[in-house]
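Report on the following structure.
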Amino acid sequence: MIARVLTLAGGLSGAAGLSQYPEFSQQYAQRLGGAVDELHQFVADFDADAASVGASREEALTQLAQGGAIGEARAETMTTTIDRYERLKSALDQLEGAGPFTRAYKAGHINDPEIVKAAWTAFKPAVPLSFEGLIFTGVGFLGGILALSLVFGLLKMLFGRRKPAEMQG
């Protein structure tokens with residue numbers, strides 16, 4: 001009886017948790033878009049500065065790195081900024097315009113710790129009333145029940161009641 005109640009509680013927990021994914025992933029994608037827009041401006045300004053002196057991005061970074069300690073530090077910062085922009089832009093390209101089911105399929109692109117933290121901090125759980133929210137709720141419920149059923153099944157196999165030796169014969 002207790003195992004059934006705990007299994008139901010696991011199903012409800014899974015439903016409550018997974019039902020939030022569509023909205024959280026949407027908020028992540030929106031924040032990702034904002035970050036890409038902001039980083040694009042930095043990279044575009046750097047590229048424009050490089051072009052104004054007749055240099056490519058790579059040449060400008062090399063020249064900057066040869067300009068002493070501050071130049072080297074700034075070149076490293078710009079390289080990191082450019083790399084982050086390209087990584088986030090690629091993730092945004094994968095998530096942009098994707099519905100909640102596709103975002104779930106491409107969940108690996110929800111991977112920037114800073115954006116995840118910002119989205120999570122601002123996220124307010126809500127009751128999903130959309131079709132996709134109900135689907136995620138159902139999948140979470142079934143997943144929670146299945147996970148706890150497997151755990152209890154394994155525990156029963158390992159530690160189930162055994163008949164005493166004298167009663168078996």
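The values are calculated or read from the model by the stated rules, or taken from the named source; none is laboratory data. Only a predicted model underlies this, so the values are computations on that prediction, with no experimental measurement involved. Cβ coordinates were reconstructed from backbone atoms using ideal geometry, including for glycine residues, and neighbour counts include every protein chain displayed. All accessible areas refer to the heavy atoms of the entire protein, side chains included, with ligands and DNA or RNA removed. Shrake-Rupley method; radii C 1.70, N 1.55, O 1.52, S 1.80 Å.
Look at region 98-112: where a residue is at negative phi and a partner is open to solvent by 30 Å² or more (accessible area, probe 1.4 Å) and basic (K, R), sitting 6+ places away or on another chain with Cβ atoms under 7 Å, you get A98/K106. When residues in region 37-51 are screened for being closer than 19 Å to E96 by Cβ and in contact with a helix residue (DSSP H, G or I) (Cβ under 6 Å, 6 or more places away or on another chain), 2 of them pass.
Pairs linking a residue in region 71-83 that is closer than 12 Å to F42 by Cβ and free of Cβ contacts under 8 Å to residues at least 40 places away in the same chain to a residue that is outside any helix (DSSP H, G or I) and β-branched (V, I, T), with Cβ atoms under 9 Å and 6 or more positions apart or on different chains, do not occur.
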